[in-house]
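The values are calculated or read from the model by the stated rules, or taken from the named source; none is laboratory data. The model shown is predicted, which means the values in this text are computed figures rather than measured ones. Using ideal geometry, Cβ is built from the backbone for each residue, glycine included, and neighbour counts are taken over all protein chains shown. Ligands, DNA and RNA are stripped out before the accessible areas are found, and what is left, the full protein with its side chains, is counted by its heavy atoms. Shrake-Rupley method; radii C 1.70, N 1.55, O 1.52, S 1.80 Å.
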Amino acid sequence: MFKKIVTLLFLLSSFFIFPSQPVLAQDAGGPVYIVQPGDSLSSIAERFSVNLTDLMTANGITNANQLSAGQPLVIPGLIGVTGTLSTEVVNFGDSYRSLMRQTQVPESLFKKLNHVVSPSEFYVGVSMIVPVQSGSQGLNKRISTTQGQSLLELAVQQNTDVWSLAHNNDLSGSWDGLPGDILFTPGESNSEQITSGLPSAFISAEIRDLPIKQGGTGVIKVKTIPNVTLNGLLVDHALHFFPMEDGTQVALQGVHALLPAGIYPLRLEATLPDGSKQSFEQFILIVSGNYPDDPLFYVDPTTIDPAVTEPELQQLIQITLPSNPIKYWNGDFISPAIAYAESTYFTSRYGNRRTYIGQGTEMQISGFHTGLDFGGGDGLPITAPAAGQVVFAGPLTVRGNATIIDHGWGVYSGFWHQSQINVQVGQVVQQNEVIGLVGGTGRVTGAHLHWELWVNGIQVDPLDWLILTYP
């Protein structure tokens with residue numbers, strides 16, 4: 001009899017009405033913001049709409065330049081806000097509604113902290129401020145009801161109760177759950193969980209190292225149900241996906257250094273075994289690379305003549321356009337000048353804005369530095385930064401004696417201005433193998449090594465590939 005009563009009460013609970021707004025736990029202290037890389041006191045003050053002087057006074061700061069990443073700052077004047085102000089970066093598939101559910105932050109408070117006017121401002125790569133209370137339990141585990149499954153059945157499956165499930169996800173009751181709706185419960189996330197808002201063919205999708213900068217490399221990792229073919233689009237470039245050992249598919253895509261910072265489309269499309277398609281599109285934020293201006297360069301007029309430069313550029317694009325399914329490299333890329341130069345010894349960085357002037361003429365062209373320059377004199381060794389196959393080895397007007405290595409998966413290295421080329425087309429080279437010698441051929445003002453990296457048809461910052469592991 002007792003068991004029947006308990007069962008009856010449990011079933012009746014599914015018809016109760018729950019509070020529509022979760023209550024945010026409060027701490028006595030705070031709010032405290034943790035300084036992020038690239039932050040300044042003025043940008044923090046502007047973000048939270050507080051006076052710069054008040055911010056400095058509240059933290060005992062006398063020099064506005066004395067700020068470091070990871071430093072805690074008390075934010076004055078935020079009435080009703082306590083705890084630590086955490087920075088959450090919006091990833092692909094995240095939605096305004098899902099973040100409200102996961103963080104348990106009231107919408108009014110979220111809008112106040114982030115100056116959000118409309119959910120349409122919710123772009124991939126945007127940093128959002130979320131207050132986290134001491135001792136609070138995050139709702140990191142994503143779950144979803146399937147077709148025909150009730151919220152009660154889902155609660156039992158997740159070893160929780162329907163009251164908490166509905167309350168935490170701002171549902172009116174157990175009847176309010178919709179098939180495919182993304183809900184959150186306490187627990188740890190895992191790679192097999194679905195990502196909010198994505199169609200059923202997708203198990204998860206994420207973009208690494210957000211936000212992507214001008215000249216950066218987008219790493220899009222997607223896990224799907226079996227036998228799904230993926231393609232997509234980032235900005236205006238078609239994505240090419242390749243399988244990884246864990247069943248994830250990954251696409252690498254460069255972002256042009258001159259692409260204006262702003263909002264651009266990212267689209268994923270899944271083709272199922274029966275030929276049907278499912279797609280999802282979301283806007284992604286591309287931020288400025290903050291590249292400086294180089295001094296003027298006076299060069300041989302022939303090397304800036306569009307009749308010469310444009311055909312040579314198109315030749316490079318055609319060489320680096322194919323996406324080889326063979327991935328030659330494994331692990332980190334290394335400096336191609338490692339044999340003679342410190343890894344931080346760069347005479348010019350990627351992305352620097354440049355103007356070239358033809359000596360003795362009025363000819364000039366403007367653009368950006370497409371690679372990373374290492375200092376050094378004639379005859380110093382150039383080594384392969386990673387394994388790959390040589391797809392070009394020969395003289396060019398602008399780039400001088402040049403070698404291009406296909407590393408696979410749409411990634412290519414170019415080495416310009418060599419005094420000597422030591423490899424030939426078709427040759428497979430290993431990481432740290434000597435491929436040529438430093439020189440001063442082509443459009444140069446002195447002997448040096450110029451290393452260029454192309455990712456799916458776009459030149460990107462090689463320094464990223466020395467710092468990070470791809471994919």
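Results, tabulated for the structure shown:
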{"item": "Flag for P186 being at pLDDT below 85, in contact with a Ser or Thr (Cβ under 7 Å, 6 or more places away or on another chain), open to solvent by 50 Å² or more (accessible area, probe 1.4 Å) and over 12 Å from V250 (Cα atoms)", "result": "no"}
{"item": "Qualifying residues in segment 341-354 (those that are touching a Gly at 6+ places or on another chain (Cβ under 8 Å), at pLDDT 80 or above and among the hydroxyl-bearing types (S, T, Y)) - the one farthest from Y291 (Cα to Cα)", "result": "T347"}
{"item": "Failed condition for Y356, given (1) crowded, with 19+ Cβ neighbours inside 10 Å; (2) farther than 27 Å from Q214 by Cα", "result": "(2)"}
{"item": "Qualifying residue in segment 13-31 (condition: touching a Ser or Thr at 6+ places or on another chain (Cβ under 9 Å) and at pLDDT 80 or above)", "result": "yes"}
{"item": "Filter result for L67 (closer than 30 Å to I263 by Cβ, open to solvent by 30 Å² or more (accessible area, probe 1.4 Å) and more than 29 Å from the chain's Cα centre (by Cα))", "result": "no"}
{"item": "Residues of segment 88-133 that turn out to be open to solvent by 30 Å² or more (accessible area, probe 1.4 Å), outside any helix (DSSP H, G or I) and at pLDDT below 75, as a count", "result": "3"}
{"item": "Every pair of residues 6+ apart whose Cβ atoms lie under 7 Å, when the first sits in segment 280-291 and is without any contact (Cβ under 8 Å) to a residue 60 or more places away in the chain while the second is open to solvent by 60 Å² or more (accessible area, probe 1.4 Å)", "result": "E281/R267"}
{"item": "Qualifying residues in segment 39-60 (those that are buried (at least 16 other Cβ atoms within 10 Å of the Cβ) and part of a loop (DSSP other than H, G, I, E, B)) - the one nearest to the chain's Cα centre (by Cα)", "result": "D39"}
{"item": "Filter result for F368 (touching a residue at least 12 places away in the same chain (Cβ under 8 Å), open to solvent by less than 10 Å² (accessible area, probe 1.4 Å) and aromatic (F, W, Y))", "result": "no"}
{"item": "Qualifying residues in segment 414-459 (those that are touching a helix residue (DSSP H, G or I) at 6+ places or on another chain (Cβ under 8 Å) and small (G, A, S)) - the one surrounded by the most Cβ atoms within 10 Å (Cβ to Cβ)", "result": "G414"}
